[in-house]
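*Asks:* One structure, as structure tokens, below. Some questions next.
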Amino acid sequence: MRRNRGARAGVAGRRTGVSGRAKLGVVFAGGGTGGHIQPNLAIAEALAERMPGFVRGTFVISDRPIDQRVLEGEQIDGLEFDSVVSPAKPMTLRPRAFLRFITNWGGSVRVGRNAIRSLREMCDTVVVVSTGGFVSPGVAQAARVEGVALIMLNLDAVPGKANRLMQRWATVLLSSARVDDARFERVGPVVRRRLIDLPDRANALAHFGLDANRKTLLVTGGSQGAMSVNRFVIAAITAAGEKFDRQAWQVIHQCGPSGEDELVRAYADLGVRAHVAGYLPRMELALSAADACVCRGGAGAIADLWAARLPALVLPYPGHRDEHQKVNARELSEAGCVVIGTDRAEPRANVAANQGHFEAILDDSSRRRMSVAFEELGLTDGAERVAARVIEIAGCG
């Protein structure tokens, strides 16, 4: 089993009260984006709160750099964990990519089996928790072969290929999103504890070097960024003219691994105060600081908006045939909490399609109505509900 050296180094010295044999071992499967890893971290936190010192975890992640970056420096009181890298590749019908998926399937199953077996040496009971994505099917198959329970958490309103493959093997089907399938038990948004108990806004703004007396726009295309969203916001601010008051507004912008220099120059040219970063490891600070948001419609982004009660313009990724990001945002849109736009990719086309939506989230009265609408929604306690099911299924109540 190939160990994720960076994450394992982070575990060194992270003694969390687990000594000898633990009651419960959990293999957390999910990677490729932060949106698959953060829910697993949230569930791990909830398990540690319920069973402090009696749980061990192993995160099975992909070889993409973002996975290591998300886990880097993570610590969970009451739970000791490490991580392993799976050779799994995305499932696609393109010939070369499909060949890579098939070629790496056996290795991804072996990594999962080794993770389960390693935890069995230290724990009374072992279960697998999957949050989907291309890393998960190999681990799900490993759970099937090793005879351990598989708790499958679906994050999107339209289950993806990986989850459709795995659901036949699952012990229980849970969903954080509203889905049209009665087999799934709805648990609600799964977010980190730090997003439920947001930090002080003034301290959050100070962290980014921004002005506590200005309103703040948060822009994020997810952990990997979105070039079309990045460029739309610059074009929309330009088109808004005086409606985007440079003395009243500032920006926190998570742009992804490329384009940071371009955005820094663009905001400087516009005279807009901005904090630009490829990745924001402290998203709870960005959410606390923000008054409005422009974002993708990934499951993680929607859950974050829900937890932070943050009005937003959601621009779903246009390349998904099932339009699941648009469906993800529908529940918040129907409640009046967000507006859903259409990403036309090219900046001028995006301004033509979405400028009215953008200016709506800049308007104080419009944002107040959206903020109030969030109060009609339920709690973001999905992580606690998943943890309770994990403990129940494992027989560790």
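The values are calculated or read from the model by the stated rules, or taken from the named source; none is laboratory data. The structure displayed is predicted, hence computed values, not measured ones. All Cβ positions, even for glycine, are placed from backbone atoms using ideal geometry, and neighbour counts span all protein chains on display. SASA here: full protein model, heavy atoms, side chains in, ligands and nucleic acids out. Shrake-Rupley method; radii C 1.70, N 1.55, O 1.52, S 1.80 Å.
*Asks:* Just name the residue that is farthest from Val70 (Cα to Cα) out of those in the range 227-259 that are open to solvent by less than 10 Å² (accessible area, probe 1.4 Å) and part of a loop (DSSP other than H, G, I, E, B).
*Replies:* Among those that are open to solvent by less than 10 Å² (accessible area, probe 1.4 Å) and part of a loop (DSSP other than H, G, I, E, B), it is Phe244.
*Asks:* Determine, yes or no, whether Ala345 is in contact with a Ser or Thr (Cβ under 6 Å, 6 or more places away or on another chain), closer than 29 Å to Gly241 by Cα, open to solvent by 30 Å² or more (accessible area, probe 1.4 Å) and in a loop (DSSP other than H, G, I, E, B). If you could, list the steps in order and put the result at the bottom.
*Replies:* Numbers: in contact with a Ser or Thr (Cβ under 6 Å, 6 or more places away or on another chain): yes; closer than 29 Å to Gly241 by Cα: yes; open to solvent by 30 Å² or more (accessible area, probe 1.4 Å): yes; in a loop (DSSP other than H, G, I, E, B): yes.
Criteria met by Ala345.
*Asks:* Being within 19 Å of the chain's Cα centre (by Cα) and of a type in the set (Phe, Trp, Tyr) narrows it down to one of Phe54, Phe28, so name that one. Spell out the reasoning first.
*Replies:* Values: Phe54 fails: within 19 Å of the chain's Cα centre (by Cα).
Only one candidate qualifies: Phe28.
*Asks:* Taking Pro199, is it of a type outside the set (A, V, I, L, M) and touching a Phe, Trp or Tyr at 6+ places or on another chain (Cβ under 8 Å)?
*Replies:* Numbers: of a type outside the set (A, V, I, L, M): yes; touching a Phe, Trp or Tyr at 6+ places or on another chain (Cβ under 8 Å): no.
No: the conditions fail for Pro199.
*Asks:* Go through (1) modelled with pLDDT of 95 or more; (2) buried (at least 18 other Cβ atoms within 10 Å of the Cβ); (3) in a helix (DSSP H, G or I) and name the single condition Val145 misses.
*Replies:* (2)
*Asks:* Applying the selection to the range 156-204, what residues are closer than 16 Å to Ala44 by Cα and touching a Ser or Thr at 6+ places or on another chain (Cβ under 7 Å)?
*Replies:* If the condition is that a residue be closer than 16 Å to Ala44 by Cα and touching a Ser or Thr at 6+ places or on another chain (Cβ under 7 Å), then Val187, Pro189, Val190, Val191, Ile196 are the ones that fit.
*Asks:* Can you tell me which residues in the range 360-397 are touching a helix residue (DSSP H, G or I) at 6+ places or on another chain (Cβ under 9 Å), in a helix (DSSP H, G or I) and open to solvent by 40 Å² or more (accessible area, probe 1.4 Å)?
*Replies:* Answer for the range 360-397, where residues must be touching a helix residue (DSSP H, G or I) at 6+ places or on another chain (Cβ under 9 Å), in a helix (DSSP H, G or I) and open to solvent by 40 Å² or more (accessible area, probe 1.4 Å): Glu384, Arg385.
*Asks:* Turning to a different aspect of this structure: Would you call Arg265 touching a residue at least 12 places away in the same chain (Cβ under 8 Å) and either of a type in the set (Lys, Arg) or on the phi > 0 side of the Ramachandran plot (or both)?
*Replies:* Details: touching a residue at least 12 places away in the same chain (Cβ under 8 Å): no; either of a type in the set (Lys, Arg) or on the phi > 0 side of the Ramachandran plot (or both): yes.
Criteria not met by Arg265.
*Asks:* Cβ contacts < 8 Å: first residue within 15 Å of Gly221 (Cβ to Cβ), restricted to the range 330-350; second residue among the β-branched types (Val, Ile, Thr) and surrounded by 17 or more Cβ atoms within 10 Å (Cβ to Cβ), any location; separation 6+ or different chain. Result?
*Replies:* From residues that are within 15 Å of Gly221 (Cβ to Cβ), the pairs are Gly341/Val314; Asp343/Val229; Pro347/Ile234.
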